[in-house]
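The values are calculated or read from the model by the stated rules, or taken from the named source; none is laboratory data. It should be emphasised that the depicted structure is a prediction, and the values quoted were computed from it without experimental measurement. With ideal geometry, Cβ positions are generated from the backbone for all residues, glycine too; neighbour counts draw on all protein chains shown. Side chains included, ligands, DNA and RNA excluded: accessible areas come from the protein's heavy atoms. Shrake-Rupley method; radii C 1.70, N 1.55, O 1.52, S 1.80 Å.
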Amino acid sequence: MRGSSLATRLFVSATAWLVVILAITGVILSSVYRDASERAFDRRLNLYLRTLIAEVATPDEPADRQFQSLGEPLFDLPLSGWYWQITRTDTEKGETRASRSLWDKKLPRLEEHGADLTAAGVRLGYVDGPEGQSLRMVERPVDLGADGKFLVSVAGDATEIFDETRSFDYYLGGTFTALGVVLLLTTIFQVRYGLAPLKRISEAIADIRSGRAERLEGQFPVEIAPLARETNALIDANREIVERSRTHVGNLAHAIKTPLSVIVNEAGAHAADPFASKVLEQAAVMRDQVAHHLERARIAARVTIVSTITEVAPAIEALRRTMEKIHRDRDLSIEAKADPAARFRGERQDLEEMVGNLVDNACKWAASRVFIEVSVEPPKEAGAGPRLHIVVDDDGRGLSEAERAQVSRRGQRLDESKPGSGLGLSIVTDLAGLYGGRLTLEDAPIGGLRAELVLPGV
């Protein structure tokens, strides 16, 4: 899919939205799971906190008593990451009792870290504990009246939360990656399936251009059916316009032929008169011009409506054999070298007319040798088609630049002793132009004139 294609634009836009949606969804799910893990962890901490508060609120307990009823062995394991601490806050000394796991360390206060009391009367947050541990801590101030005021704190190793969240993110990322690949493959299928009718229209138009069809046929989706109808209407309108133009040109040419014949007949009756001879000469030129424009109108109509594909090598070989027969009395050597893959986007008779004029002209002026070469030039830019190069060389006397310009003009001849009307090269130039090609004249490597014809290929 190329960068400028509709399929690429649809695929890129769908991929971009897919990545954005999956990324946002992943962040949200990760955040939700982290919050859920924190809430579960906090419920565990609050359970220990309430147990400690109940122990603190029990009267007549010795001050150095260690609480053994929390049911968590990690509170007895030194620096395990699980700690509790009870600090008396109504005395200057600030008596403190703590779990064995805290050893000789102390827990920081969340109040000093800017944590506010929740509606339940507790503070929650993350703090740095002993040995640089990351702890999730909950603390609650307790007022026992005459028995004193206390700050009860419980902290647990936050690594559990981080590890669970990281594991969830890992599996979530793998799941979303697999889902993204599946959705991308689905998008590719949808784009190809959805744009398949456009490809059918493209192929149908190519068939029309190549002469294999005249209209867009078949059923198309409702969104594309108007395009197919308008394309068919445009083809019909174009065909009608060209047909009318051909008819007008034909009518005009035939209308001229009748009075022209009368002029020729009247002038022929006075052939000895110099004026009558001049009239006959110009009438012959006019007849050639009428024939030329009729042929041009015919070719223009055929090129405009449809094009066919012509195998070049067989046509060139047929022309070579024909020219050998026509000029067999001069013992000319006519060689042809044609690329078997060369194809002309046009009618075979038009190709034969153009190349035939060039080969016939070369045979008339050649001393002993005529060489024909056909090659195909690949497209120079995206969207362009290949170009067909047909080179005709002869070993005659050649032409100067002024003479080349003269013979390229319609009806100009350099030697009246040679048969023909002088319209050959002009016809080739006109027909090549109608097909989007060109004719150039240069010096041939074998000593005479080189005629190079460039035409659209396939």
### Query
Fully extended, how many nm does the chain gain between Leu185 and Arg348 (0.36 nm per residue separation, minus their Cα-Cα distance)?
54.0 nm
### Message
Could you tell me which residue out of Cys363, Val191, Ala341 lies farthest along the dipole of the chain toward its positive end? Charges go on the beta carbon: Lys and Arg +1, Asp and Glu -1, centred on the Cα centre.
### Response
Cys363
## Note on the structure
Percent relative contact order for the chain, counting Cα pairs under 8 Å at least six residues apart, stands at 9
#### Entry: For Gly396, residues with placed amide H under 5 Å, excluding near neighbours
Ala367, Gly448, Leu449
### Query
Working out 0.36 nm times the residue gap between Glu214 and Leu18, then minus their Cα-Cα distance, what length gain in nm do you get to one decimal?
66.3 nm
### Query
What relative contact order, as a whole-number percentage, does segment 176-236 give when Cα pairs under 8 Å and 6 or more residues apart are counted?
23
### Message
Using protein chains only and a probe of 1.4 angstrom, how many square angstrom of Val262 are accessible, to the nearest 10?
### Response
80
## Note on the structure
In the chain the accessible area split gives carbon plus sulfur, as whole percent at 1.4 Å, a share of 55
### Message
Could you sort Ser202, Ser101 by their accessible area in this structure, using a 1.4 Å probe and putting the largest first?
### Response
Ser202, Ser101
### Query
Please report, for the Cα atoms of segment 307-409, the Rg to one decimal and the Dmax as a whole number; what are they, in angstrom?
14.9, 49
### Query
Got a number for the accessible area of Leu227? Probe 1.4 Å, square angstrom, nearest 10.
90
### Task
Kindly sort Ile316, Ile256, Ile24 by accessible area of their heavy atoms, largest first, with the probe set to 1.4 Å.
Ile24, Ile256, Ile316
### Query
Going from most exposed to least, what order do Lys105, Lys337 have by accessible area with a 1.4 Å probe?
Lys337, Lys105
### segment 79-218: relative contact order in percent, alpha carbon pairs under 8 Å with at least 6 residues between
19
### Task
Per DSSP H run of n ≥ 4, the term is -39500 (n - 2.57); total these for the chain, divide by its residue number, and report the mean residue ellipticity at 222 nm rounded to 500 deg cm²/dmol.
-18000 deg cm²/dmol
#### Entry: Range of Cα positions in segment 92-200 per principal axis (Å), largest first
92, 31, 18
### Task
Give, in whole angstrom and from largest to smallest, the semi-axes √(5λ) of the equivalent ellipsoid of segment 164-292, with λ running over the eigenvalues of the Cα gyration tensor.
73, 16, 9
### Query
Convex hull over the Cα atoms of the chain, averaged projected area in nm²?
42.2
### Task
Mind grabbing the accessible area of His327 for me, 1.4 Å probe, Å², rounded to tens?
20
